[in-house]
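The values are calculated or read from the model by the stated rules, or taken from the named source; none is laboratory data. Since the model is a prediction, treat every value here as computed from it, not as a measurement. Ideal geometry is used to build each Cβ from the backbone, glycine not excepted, and the neighbour counts take in all protein chains shown. The accessibility values were calculated without ligands, DNA or RNA, using every heavy atom of the protein model including side chains. Shrake-Rupley method; radii C 1.70, N 1.55, O 1.52, S 1.80 Å.
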Amino acid sequence: MVSVKWLEDKNFRTKSRKSKQLEHSCLFLQGMDFPIYNFSSQSLEENTSFEGMSCITGEEQSMLDAVLLSQWEDRMLKGYFKYDVTTSEIKVITGKMKFLSQLNEGQITDHQFKSEGKKLHEFYPLVFDCMKHPEELLFCLASSKKAKSELTPSADVPDSAVLVIINVTPVEYGHVYLVPCFSNKLYPFLDARSIEISTRLAAEINNQSFRMFYDCYRPNFSAVYFEACYLPHPLPVEFRPVSTFFGGGRRGIHICSIIDYPIKTLSFTTTHNLKILAAAISEICSHLEEKNVQYNLMISDSGKRVFLFLQKTCAASRAISAWECGGYFLYADRYEFDQVTEDAMLNRLSSFSLDDCDFEAVKQLCCSIASKFDV
Amino acid sequence: MSNMDSKLRLIQQSFNSRYSEWVREALDELSDNFTITDPSISGHPLVFASRSLLKMLSYSREEVIGQNGNIFQGPKTNRRTVMEIREAIREERGIQVNLVNYRKDGTPFWMLFHMSPVFGKEDGRVIHFVAVQVPITRRQRGNGGVRLSEEASGLNEIMFGSCRKEVDTNSVLELGRVLSSDSSSNVLDIEETCEASDFEKRRAANVFNSILTVLTHYSESTGRLVCGKRCSVPGVGYISSSLNISLGRIKQSFVLIDPHLPGLPIVYASDAFLKLTGYDRHEILGLNFAVLNGADTNTSSEYQIQEIIQNEQACTVRIVCYRKDKSSFWNSLHLSPVRNASGKIAYFVGVQMEEECKNMDRHGLSPEMRQLSTVGAVKVAVRSLSMAAGSSKS
């Protein structure tokens, strides 16, 4: 019934490529045209500090925000999602933490990996078959030397870009995967560049609802990807009291531990240089991976605050998603959704959490790495 | 009329429609620092700033009126505190926090920020937010930015001790900066945390009461009384402060229709819609979209709109619309259901696209993209509404 005209001038020549190559390179995208959003050189400059960037939440919707929302809504209208995520009910779980829970019956019915009696959701693998579903790629993000950010409606995918792909079983409105590609290859591990690009993206979108997530445990897709969506409310962890244990340095890096929260969490902010903060966080994360500590990241407040959730070192292949760490839980079952209590969620989170002793070690690690960068 | 002019006009009206003539002078007689903002105007701007505040921050009145309160924030302003203020606005309640603000010359300072809404007595709507700022003169260690009523404020474990012990000597020297201010720091350096004294907190509350007294007095003469606490429940179709603020960021022409009310009235109209059609807000709210119909409007299109709403589907219709001055335009109207946190439909959004204006906007976005981005932004904004609480253990 919809008569919205979208840009019809996507022309692509299909080539036969095995989807297995997806795992390792972006060459599969050659020959296809997509909208490309180019960050201005100012956005990605070495010494762009927060003094330059606006601390002010824009009075107006930003261009990138408009691009993402319009593309997502366009796919909604065309029926590419398994369900309308806005029909699912969200509620606050009674208690001090004000955890959030969502009844999402649509996700489980189409999930490839049927849960074995588990009530909460496991990870969703990023399955992007560009040959069958090129429409799932909304647009690409790339850098440019120009002074202003701009959108090119249709162009070749550049060598280094971030692919923005819809999640057809979304957790909230606007749920996308962000897959960085560098020199036509997908990233095998998290590094400073991908964290920095993600933070820049959040800053450029400049929408308070927009949050980005990263799970280090990705059983089905080994390349690095972030997820993002528009959450109607800040997550409960964002309101918890904090205690600063590193700060006051020249580069303005601040690290706090979140107090009175069932999963060990740190929060990073900077008053100065985004690039330096991203580099520090990425080094901390690579140390964590070396030591087999599982972690999740959440980027909130338009890129100004990064949360690091610390999970147990685990031999068993169990982990929870970043939004669960933040206090947002999904249920596929009405009964479970109605019965959930704060105590149950406190137990769930603490069962995954890093213990006190290891947490102290992580904090010291953060101090020593951050002080290296904070000169 | 330019955008700035019309915004200033709205700001003037914000006061003039509610309070009688000498209210500004009366407020200026108070020697305290405070601002008054109006959430129903796009951008949630300041509509009043006291003389004391302007002096303290070294701004002129013209520089400040019409801006959002966050112009006084800067890099050292605690982000969590800013978020807590935003939550208080969303919940339409008061809040008292310690906050770092910046003067015009960029120097930061700590102050106690005490904000509280002012409600319309009869309709229960939030008319203004009043924010009192009391500079904090005594420096105490606190938990920087944590809401003072936060019950966990007692848990102020500062990990410096344990952190320093195990780390090598180089890092100890670096960490030493955390506790004491760097001797080579310039005037822009500021304590990490600060907490207001009881005296300062009481002072803020008293100032608010004085302001409220003035506002109440001057609202009596217009017959549109205000009060400090909500006296009546807002009627159906009430657009809350935070929804107003979110929708105000969307610069396209759109309306919200409430499908649950008889007559399918318009309950929100964007500034761009008013500009496109030539109507004033009060002329449009409460009316059916058919108000834009005229001589050449196909009567079936009115039924079409009704049908779309009944079917709860998104759709685009092409209709002829008429402005207030009777001139007409072809409107590619896109209607979409918009759901809130309960998952049920709260509103329908109707986004206009004037067919004559087919050019790309300044960002290079096509009109169709703009139309869809409006739908998306409205969906995100409305999704935060009506979130139920509770775990039902029946």
Considering only strands (runs of 3 or more DSSP E) wholly within the range A:260-375, the ones with at least 3 residues that are over 22 Å from A:Q208 (Cβ atoms) are A:293-300, A:305-313
Residues in the range A:262-300 that are open to solvent by 20 Å² or more (accessible area, probe 1.4 Å) and within 11 Å of chain B (Cβ to nearest Cβ) total 2
B:S336 vs. criteria of a type in the set (S, T, N, Q), touching a helix residue (DSSP H, G or I) at 6+ places or on another chain (Cβ under 6 Å) and touching a residue at least 24 places away in the same chain (Cβ under 8 Å)
yes
Under the condition of being open to solvent by 10 Å² or more (accessible area, probe 1.4 Å) and modelled with pLDDT of 95 or more, which residue from the range B:324-339 is nearest to the other protein chains (Cβ to nearest Cβ)?
B:R339
When A:H233 is evaluated against the numbered criteria (1) within 7 Å of another protein chain (Cβ to nearest Cβ); (2) surrounded by 22 or more Cβ atoms within 10 Å (Cβ to Cβ); (3) touching a residue at least 24 places away in the same chain (Cβ under 8 Å), which criterion, by number, is the only one it fails?
(2)
Identity of the residue in the range A:342-375, among the hydroxyl-bearing types (S, T, Y) and at the interface with another protein chain (Cβ under 10 Å from one of its Cβ atoms), that ends up least open to solvent (accessible area, probe 1.4 Å)
A:S371
Scan the range A:260-275 for residues that are touching a strand residue (DSSP E or B) at 6+ places or on another chain (Cβ under 7 Å) and more than 22 Å from B:V100 (Cα to Cα) and jot them down.
A:P262, A:I263, A:K264, A:T265, A:L266
Filter the range B:213-236 down to the residues that are more than 18 Å from B:G94 (Cβ to Cβ) and over 21 Å from the mean Cα position of the chain (by Cα) and list them by number.
B:H217, B:Y218, B:S219, B:E220, B:S221, B:T222, B:G223, B:R224, B:L225, B:S232
For the range B:86-98, name all the residues that are within 14 Å of chain A (Cβ to nearest Cβ) and open to solvent by 30 Å² or more (accessible area, probe 1.4 Å).
B:R86, B:R90, B:E91
Could you please give the count of residues in the range B:69-82 that are open to solvent by 20 Å² or more (accessible area, probe 1.4 Å) and in a loop (DSSP other than H, G, I, E, B)?
4
Could you check the range A:146-162 and list, in sequence order, the residues that are farther than 19 Å from A:A66 by Cβ and open to solvent by less than 20 Å² (accessible area, probe 1.4 Å)?
A:A161
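Yes/no matrix, rows are residues, columns are (1) under 28 Å from A:G247 (Cβ atoms); (2) among the acidic types (D, E); (3) open to solvent by 30 Å² or more (accessible area, probe 1.4 Å); (4) outside any loop (DSSP other than H, G, I, E, B):
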site	(1), (2), (3), (4)
B:T35	no, no, no, yes
B:L53	no, no, no, yes
B:E84	yes, yes, no, yes
B:F109	yes, no, no, yes
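Within the range B:1-30, count every residue that is of a type in the set (S, T, Y), open to solvent by less than 40 Å² (accessible area, probe 1.4 Å) and not in a helix (DSSP H, G or I).
Result for the range B:1-30: 2.
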Would a scan of the range A:137-145 turn up a residue that is crowded, with 18+ Cβ neighbours inside 10 Å, modelled with pLDDT under 85 and not basic (K, R)?
yes
Of the conditions (1) more than 14 Å from the chain's Cα centre (by Cα); (2) more than 17 Å from A:A142 (Cβ to Cβ); (3) modelled with pLDDT of 90 or more, A:L235 clears all except one; give me its number.
(1)
Please verify whether A:F182 is aromatic (F, W, Y), more than 30 Å from B:T81 (Cα to Cα) and either open to solvent by less than 20 Å² (accessible area, probe 1.4 Å) or away from chain B (no Cβ under 12 Å) (or both), treating the condition exactly as stated.
yes
Helices (runs of 4 or more DSSP H) wholly inside the range B:267-385 that include at least 1 residues being assigned by the TED database to the domain that holds B:S246 and among the aromatic types (F, W, Y):
B:271-277, B:299-311
Could you tell me whether any residue of the range B:55-68 is open to solvent by 20 Å² or more (accessible area, probe 1.4 Å) and within 14 Å of another protein chain (Cβ to nearest Cβ)?
yes
I need the full set of residues from the range A:160-192 which are within 25 Å of A:S286 (Cβ to Cβ) and without any contact (Cβ under 8 Å) to a residue 60 or more places away in the chain, in order please.
A:S160, A:V162, A:Y177, A:L178, A:V179, A:P180, A:F182, A:S183, A:Y187, A:P188
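Going by what's in this entry, would A:V171 be described as within 27 Å of B:S386 (Cβ to Cβ) and either open to solvent by 20 Å² or more (accessible area, probe 1.4 Å) or part of a helix (DSSP H, G or I) (or both)?
So A:V171 fails the test.
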Could you list, in sequence order, all residues of the range A:66-80 that are open to solvent by 10 Å² or more (accessible area, probe 1.4 Å) and not in a loop (DSSP other than H, G, I, E, B)?
A:M76, A:L77
